[in-house]
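Here, each number is a calculation from the coordinates, and none is a lab measurement. None of these values were measured; they are calculated from a predicted model. Every residue, glycine among them, receives a Cβ derived from its backbone with ideal geometry; neighbour counts consider all protein chains shown.
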Amino acid sequence: MAQRNGALSRPPLAAAPRTRYHSRMDTPDSRAVFRTEGVTKVYGTGAVEVHALRGVDLLLYEAELVVLLGASGSGKSTLLNILGGLDTATAGRVFFRDHDLSRASDKKLTEFRRDHVGFVFQFYNLVPSLTARENVALVTEIARRPMRPEEALERVGLGHRLDHFPAELSGGEQQRVAIARAIAKRPDVLLCDEPTGALDSATGITVLEALVEVNRDLGTTTALITHNAEIRKIAHRVIYVADGRISHQEVNETRIEPSQVVW
Ligand code: ADP
Ligand code: MG
């Protein structure tokens with residue numbers, strides 16, 4: 001199947017990197033990168049209260065690529081932001097390995113983000129006056145054990161565009177610079193919120209290819225938010241979010257290459 005179009009020289013994507021995925025979400029597992037217990041998030045107060053998350057129990061494992069799928073407003077971004085230390089839960093616990101993020105100070109959360117998390121958002125947030133290489137170097141200059149900006153850009157297929165400015169790059173290329181920037185510090189986790197949301201399908205595929213390759217080659221635990229159901233097929237595991245809860249999840253026994261995603 002993976003070779004159908006003859007474009008692939010690699011073997012098909014492996015299934016889950018571990019064989020021990022739990023169908024139950026509430027099994028404590030010391031090998032989990034993230035573990036949440038009963039996470040809720042309420043925005044606002046009184047009459048304008050919004051219950052964005054209504055009790056989320058989640059495990060994310062080392063080296064897996066998870067797709068979070070759900071309708072707009074279901075709570076996906078809120079959940080990702082809480083995992084990444086950009087936001088805090090109203091109640092419940094969030095663990096990154098042995099660290100209890102739900103009890104962490106702002107300073108600790110800042111350190112956690114800096115040392116462990118790469119973010120990719122729908123909009124690329126590149127500095128327009130800096131080249132691709134310089135945009136990535138902004139991060140590598142302050143990271144503890146970064147890869148060279150050139151290596152990060154090569155990993156996302158932009159080794160030939162190092163000295164181009166964002167305005168000289170397509171949307172897909174700009175997003176891949178943003179991915180290079182996110183991975184250059186070798187984060188433990190890569191959190192991606194609708195990274196293809198602003199892209200047409202052809203360029204979106206190049207972005208998904210970059211994410212899949214980073215996950216495969218570096219083993220970076222990756223969580224990818226989308227509302228495009230077809231994209232779930234590239235993941236090891238799919239977590240369905242509905243109305244502030246995880247409604248169900250499934251493990252993909254076989255995965256497809258991003259080039260086979262139809263949307
Ligand atoms: P998704 O990413 O799945 O589209 P969000 O997590 O962004 O969903 O939002 C979940 C719910 O929380 C929505 O009803 C949204 O309007 C609300 N919400 C998100 N952020 C805020 C905020 N800062 N203040 C108030 N309500 C918010
Ligand atoms: Mg969102």
If you go through region 44-63 one residue at a time, do you hit one that is within 20 Å of Glu230 (Cα to Cα), assigned to a strand (DSSP E or B), of a type outside the set (D, E, K, R) and more than 9 Å from ligand 1 (Cβ to nearest atom)?
no
From Asp106, Asp87, Asp57, Asp98, which residue is within 16 Å of ligand 2 (Cβ to nearest atom) and over 13 Å from the mean Cα position of the chain (by Cα)?
Asp87
Condition set among the small types (Gly, Ala, Ser) and either over 17 Å from Arg245 (Cβ atoms) or touching a helix residue (DSSP H, G or I) at 6+ places or on another chain (Cβ under 9 Å) (or both), scope region 29-56, selection surrounded by the most Cβ atoms within 10 Å (Cβ to Cβ): answer is Ala52
Within region 60-84, which residues are within 14 Å of ligand 2 (Cβ to nearest atom), of a type in the set (Ser, Thr, Tyr) and within 11 Å of Phe34 (Cβ to Cβ)?
none
Being buried (at least 22 other Cβ atoms within 10 Å of the Cβ) and either over 11 Å from the mean Cα position of the chain (by Cα) or more than 16 Å from ligand 1 (Cβ to nearest atom) (or both) narrows Ile234, Ile225 down to just Ile234
In this structure, is Ile179 surrounded by 23 or more Cβ atoms within 10 Å (Cβ to Cβ) and part of a helix (DSSP H, G or I)?
yes
